[in-house]
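The values are calculated or read from the model by the stated rules, or taken from the named source; none is laboratory data. Everything numeric in this text was worked out from a predicted model, so none of it was measured. Counting neighbours? That spans all protein chains shown, and the Cβs are built from the backbone with ideal geometry, glycine included.
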Amino acid sequence: GSTIGVLGGGQLGRMMALAGSAMGYRFVALDPTPDAPCGQVADQIVAAYDDRDAARELARQADVITYEFENVDADVAAMLMSESYVPQGSELLYTTQHRLREKRAIEAAGVRVAPYSEIRSSEELRAAAEKFGLPCVLKTVMGGYDGKGQWVIRSFDEIDEAYETLSRAGVELVLEQFIAFDKELSVIAARSPQGEIKAFPAAENIHVENILHLSIVPARIAESVQKEAEKLAMKIAEGLGVVGLIAVELFLTADGELFVNELAPRPHNSGHYTMEACRTSQFEQHVRAVCNLPLGDTELLTPVVMVNVLGQHIEPLLARMAKHDEAAARLKVAPKVHLYGKKDAVFKRKMGHVNVLAGDVQQALDWIEETTIWKV
Ligand code: ATP
Ligand code: MG
Ligand code: MG
């Protein structure tokens, strides 16, 4: 069988390796942390992501190379293209690493993003904030995640402080109009090197303190909007010439309008529900795409709610798992636990997730409410 090299060794790589191992592939991950989540289930080269000798060693061991996080140095990916097979290319990384490049690419694909403006000074920030109105959201164009590197501007008095604080990171800034969304959705689409495209069912996402808490599928929205969101994700996959997965985060307004928030060119936390709830998981689909296999069927087999397990949830979860689950039996739900093998249960750190399979999503939500694990 062939060997798949993965830049990054976190939980996304781990679940990719678990799915791909079942398909007969071997995996080797490049990650600086010894015994990384992916390294526990695959081989691992322990080195920095931008260590070129280590990247060359990865290329020597692997028949195909992919990545599991988007802040891989696009130059390293470009170098690897001359040493190995990198079906996703480096262009997709280059685009999605940078919010302005990403927004322009989405617009070029004919899809709407929240109105935005490039910001190079606090004067430009003031002018753009006057144009969009308050609140509005200032973001660093690179390196942000979990809401880090952003500032929701609610008063014109905050302009200078917001500009100074975020520009300290030394990267460009972008101001976005605040979208008073009714719901946040995401759709994960896959595209193969031959151009076959399939989308997974849209997920309704609920964040707590900027960290994903729940993904609810089917999303509690009109079926026509689900279909429109899925179409739009496929349009982006086509327009950007994606290979592998592209996760599309969306805002849905009360009038039924969809705006793209941001993209991720990899498996996405909001797609973990596919592991048991779809005919093909996002991880299997990614492996299929980068290995040039036909894509799998994305049909939803059961309603599901995915709930993230953060550091503070581990102890109550383990206590719950050790006993008979009366609530699960009564509600007829099947909570499927996935843990990532991380040792220190730091507050807010993603340690795992539970896919709660149910007759309908409300029963899954009732189980989550009753267990009290997520009250802490
Ligand atoms: P992630 O962990 O998803 O990569 P991130 O740090 O890249 O997060 P965004 O996804 O851009 O950040 O924003 C985080 C959250 O902030 C969004 O999910 C949404 O709830 C809110 N948000 C961001 N931009 C806007 C906007 N223009 N209007 C309204 N809410 C927004
Ligand atoms: Mg992001
Ligand atoms: Mg986001």
Is it the case, given these coordinates, that Val242 is touching a Pro at 6+ places or on another chain (Cβ under 6 Å) and either more than 15 Å from ligand 1 (Cβ to nearest atom) or of a type in the set (Ser, Thr, Tyr) (or both)?
no
Hits in segment 3-38 (condition: crowded, with 24+ Cβ neighbours inside 10 Å, of a type outside the set (A, V, I, L, M, F, W, C) and over 16 Å from Lys350 (Cβ atoms)):
Gly5, Gly20
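Please go through segment 186-210 and pick out each residue that is over 19 Å from Gly239 (Cβ atoms) and either touching a strand residue (DSSP E or B) at 6+ places or on another chain (Cβ under 7 Å) or among the charged types (D, E, K, R) (or both).
Narrowing segment 186-210 to residues over 19 Å from Gly239 (Cβ atoms): 201, 203-210.
Listed by number, the residues that qualify are Pro201, Ala203, Glu204, Asn205, Ile206, His207, Glu209.
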Taking segment 118-136 as the search range and keeping residues that are out of contact with any strand residue (DSSP E or B) (no Cβ under 9 Å at 6 or more places or on another chain) and part of a helix (DSSP H, G or I), which one is nearest to Val76 (Cα to Cα)?
Ser122
Of all helices (runs of 4 or more DSSP H) fully inside segment 1-117, the set with 3 or more residues that are over 22 Å from Gly341 (Cβ atoms) is 52-61, 74-81, 91-96, 99-108
With the checklist (1) more than 16 Å from ligand 2 (Cβ to nearest atom); (2) out of contact with any Gly (no Cβ under 9 Å at 6 or more places or on another chain); (3) of a type outside the set (Ser, Thr, Tyr) in hand, flag the one item Ala114 doesn't pass.
(1)
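For segment 147-212, which strands (runs of 3 or more DSSP E) that fit wholly inside it have 2 or more residues that are at pLDDT 95 or above, more than 10 Å from ligand 1 (Cβ to nearest atom) and assigned by TED's automatic domain parsing to the domain that holds Glu276? It would help to see each step written out before you state the result.
Numbers: elements: 150-153, 173-177, 183-191, 197-199, 203-208.
Output list reads 183-191, 197-199, 203-208.
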Select from segment 158-192 the residues that are under 20 Å from the mean Cα position of the chain (by Cα) and more than 27 Å from Val305 (Cβ to Cβ) and write down the one among them that is surrounded by the fewest Cβ atoms within 10 Å (Cβ to Cβ).
Ser192
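Name the single residue, out of those in segment 231-256 being of a type in the set (D, E, K, R) and in contact (Cβ under 8 Å) with a residue 60 or more places away in the chain, that is nearest to ligand 3 (Cβ to nearest atom).
Restricting attention to segment 231-256, the residues satisfying the condition of being of a type in the set (D, E, K, R) are 231, 235, 238, 249, 255.
Applying the additional criterion that residues be in contact (Cβ under 8 Å) with a residue 60 or more places away in the chain yields 235, 238, 249.
Numbers: Lys235: 19, Glu238: 22, Glu249: 5 Å.
In this case the residue turns out to be Glu249.
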Picked from segment 255-280 (must be touching a helix residue (DSSP H, G or I) at 6+ places or on another chain (Cβ under 8 Å) and more than 29 Å from Met142 (Cα to Cα)), the residue surrounded by the most Cβ atoms within 10 Å (Cβ to Cβ) is Met275
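One line per residue, one yes/no per condition, for (1) at pLDDT below 95; (2) touching a Leu at 6+ places or on another chain (Cβ under 6 Å):
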| site | (1), (2) |
| --- | --- |
| Pro37 | no, no |
| Gln40 | no, no |
| Gln44 | no, no |
| Asp51 | yes, no |
| Ala62 | no, no |
| Leu80 | yes, no |
| His98 | no, no |
| Lys103 | no, no |
| Ile119 | no, yes |
Restricting the search to segment 135-182, which residues are away from ligand 2 (no atom under 16 Å from the Cβ) and at positive phi?
Gly170
The lone condition Leu245 fails out of (1) within 16 Å of ligand 2 (Cβ to nearest atom); (2) in contact with a Ser or Thr (Cβ under 9 Å, 6 or more places away or on another chain); (3) of a type in the set (A, V, I, L, M) is (2)
Top-ranked residue of segment 346-373 - restricted to ones that are assigned to a loop (DSSP other than H, G, I, E, B) and more than 24 Å from the chain's Cα centre (by Cα), ranked as surrounded by the fewest Cβ atoms within 10 Å (Cβ to Cβ)
Thr372
